[in-house]
Amino acid sequence: MGELPSAPGEEASPALALVNSRRSSPSGDVDDLASPDQVKGWLAARGLPVVEGTVTRSDVATLDSLRASAREILTALPDARTPVPDAVTSVNLRAASAPGAVQLTWHEGERPCRSWRSAAQGRFDAAAAAIAADTIRLATGTRAALVRRCAAHGCVRVFLRTHARRRWCSNICGDRVRARRHYHRHQSPH
């Protein structure tokens, strides 16, 4: 299937990108965050608090656990069910793990904006806390109603449904579904 493009919403939501960093492919399961180097690169690519020094195997395990909790929460939304309490507790604890404060930024000629500044800037905990906080924002904000599971058979990705007819996380998944339907419709009976 090759490399899948980002699912709609991933560019604005590190939590959604985290959930989709583990997925299925025809050649088996893919985990974009299996090693410390992959985690460090992934965090930097998403503009999350830069991790100074090395990312440890323990950090990889922490992110994997956060990914499982975020997946449980974000897939509960389109399934119209309550997530398991452990997932909610885990995300809340991780969000609280790096204290910080809202900061005001106001540059000449621009509108004022706010951002969260972690007191643990440069530590892995700050990046994990930012992802957990984004999970909470996504699950409780106006975009919560847009969270969907990909309708392609075997795909486990989640996306924001920005178009009423969108059912797949990518054109690749949509093409696979259409090709499969075409094959089954035109297959000669035996």
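Tabulated values for the structure
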item	result
Pairs where the first residue, in segment 168-190, is closer than 9 Å to ALA152 by Cβ and the second is open to solvent by less than 80 Å² (accessible area, probe 1.4 Å) and at pLDDT below 70, C-beta under 9 Å, 6+ apart	TRP168/VAL177; ILE172/MET1; ILE172/GLY2; CYS173/MET1; ARG176/MET1
Qualifying positions in segment 132-153 - of a type in the set (Lys, Arg) and either in contact with a strand residue (DSSP E or B) (Cβ under 9 Å, 6 or more places away or on another chain) or open to solvent by less than 30 Å² (accessible area, probe 1.4 Å) (or both)	ARG143, ARG148, ARG149
Residue ID - farthest from SER69 (Cα to Cα), chosen from residues in segment 105-151 that are of a type in the set (Val, Ile, Thr) and touching a residue at least 40 places away in the same chain (Cβ under 8 Å)	VAL147
Selected residue (criterion: nearest to PRO36 (Cα to Cα)) from residues of segment 104-118 that are open to solvent by less than 80 Å² (accessible area, probe 1.4 Å) and not hydroxyl-bearing (Ser, Thr, Tyr)	CYS113
Odd one out for ARG117, checked against (1) out of contact with any Gly (no Cβ under 9 Å at 6 or more places or on another chain); (2) outside any helix (DSSP H, G or I); (3) modelled with pLDDT under 85	(1)
When residues of segment 43-70 are limited to those that are closer than 23 Å to ARG148 by Cβ and open to solvent by 20 Å² or more (accessible area, probe 1.4 Å), the one modelled with the highest pLDDT	ALA68
All helices (runs of 4 or more DSSP H) inside segment 1-87 with 3 or more residues being of a type in the set (Asp, Glu)	57-79
Top-ranked residue in segment 7-34 [being touching a helix residue (DSSP H, G or I) at 6+ places or on another chain (Cβ under 7 Å) and not aliphatic (A, V, I, L, M); ranked as surrounded by the most Cβ atoms within 10 Å (Cβ to Cβ)]	SER13
Residue that is most open to solvent (accessible area, probe 1.4 Å) [pool: residues in segment 158-179 that are in a helix (DSSP H, G or I) and touching a Phe, Trp or Tyr at 6+ places or on another chain (Cβ under 8 Å)]	VAL177
Residue in segment 94-103 that is modelled with pLDDT of 90 or more, of a type in the set (A, V, I, L, M) and under 15 Å from VAL19 (Cβ atoms) present	no
Search result, residues across segment 71-82 that are open to solvent by 50 Å² or more (accessible area, probe 1.4 Å) and in contact with a helix residue (DSSP H, G or I) (Cβ under 7 Å, 6 or more places away or on another chain)	ARG71, LEU77, THR82
Options ALA129, ALA101: the member that is open to solvent by less than 80 Å² (accessible area, probe 1.4 Å) and part of a helix (DSSP H, G or I)	ALA129
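The values are calculated or read from the model by the stated rules, or taken from the named source; none is laboratory data. Since the structure is predicted, the reported quantities are computational estimates derived from the model, not experimental observations. A quick note on method: Cβ atoms are made from the backbone with ideal geometry, for glycine too, and the neighbour counts reach across all protein chains shown. When the accessible area is computed, the model is the full protein with side chains, heavy atoms only, and any ligands, DNA or RNA have been set aside. Shrake-Rupley method; radii C 1.70, N 1.55, O 1.52, S 1.80 Å.
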